Amino acid sequence: MIASGEGRRFLRTNLGSARQNDALAALEDLAWKDATGRNTRQAYEQFAQLYPSGRQVNEIGNAVDSLEWEEARRTDTDVANRSYLRKHPDGAYAAKATERTGDRLWAELERLSRFDEIVAFVARVPSRSVERRTTASTSPPIRAGDSRVSPERPSRRARRRR
């Protein structure tokens, strides 16, 4: 690859200073075109190693963010969404990943009818996921010991099923 370290060394040693900067910029552009053409994390990391202060440095983070979001979206699991959020808490798709995880958790919670199932669900789910969703709803969140739902008094939904 001409954009490699060897190609840059050749240009630095064999070109006059007047054209050297233009040649190096053209070489950087070729390397960026190659990285975006391959569109892999490895390609962007290689580009960043070759051009740590290149013009496209800011775009590398955006490209990797997009790649990892596409992987999470394609996999379509809570684990993939949480992995994306751990790597990119302020990423371009962080709100979508949080919403998808919250929607999936909320749907699972709505399917539960017994109090012990709900308690077990809340115990295994990261509290921030449930808090975000319950605070966004119009009714206040249900807490353990809340008189509205107890083992003795089933929820309205459970009463309707009878």
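Throughout, read-outs are computed from the coordinates displayed, never taken from laboratory work. Keep in mind that this is a model prediction, so the values were computed, not measured. When we count neighbours, we look across all protein chains shown, and the Cβ atoms used for this are built from the backbone with ideal geometry, even at glycine.
Below are the figures for this structure:
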quantity: Residues within region 81-98 that are in contact with a helix residue (DSSP H, G or I) (Cβ under 9 Å, 6 or more places away or on another chain) and in a helix (DSSP H, G or I), tallied; calculated: 10
quantity: Residues (hydroxyl-bearing (Ser, Thr, Tyr) and either more than 30 Å from residue 104 (Cα to Cα) or in a helix (DSSP H, G or I) (or both)) located in region 31-80; calculated: 36, 44, 51, 53, 66, 75
quantity: Candidate set from region 77-100 (those that are free of Cβ contacts under 8 Å to residues at least 24 places away in the same chain and surrounded by fewer than 16 Cβ atoms within 10 Å (Cβ to Cβ)); member that is nearest to residue 39 (Cα to Cα); calculated: 87
quantity: Test: residue in region 101-109 that is among the polar types (S, T, N, Q), outside any loop (DSSP other than H, G, I, E, B) and within 23 Å of residue 39 (Cα to Cα); calculated: no
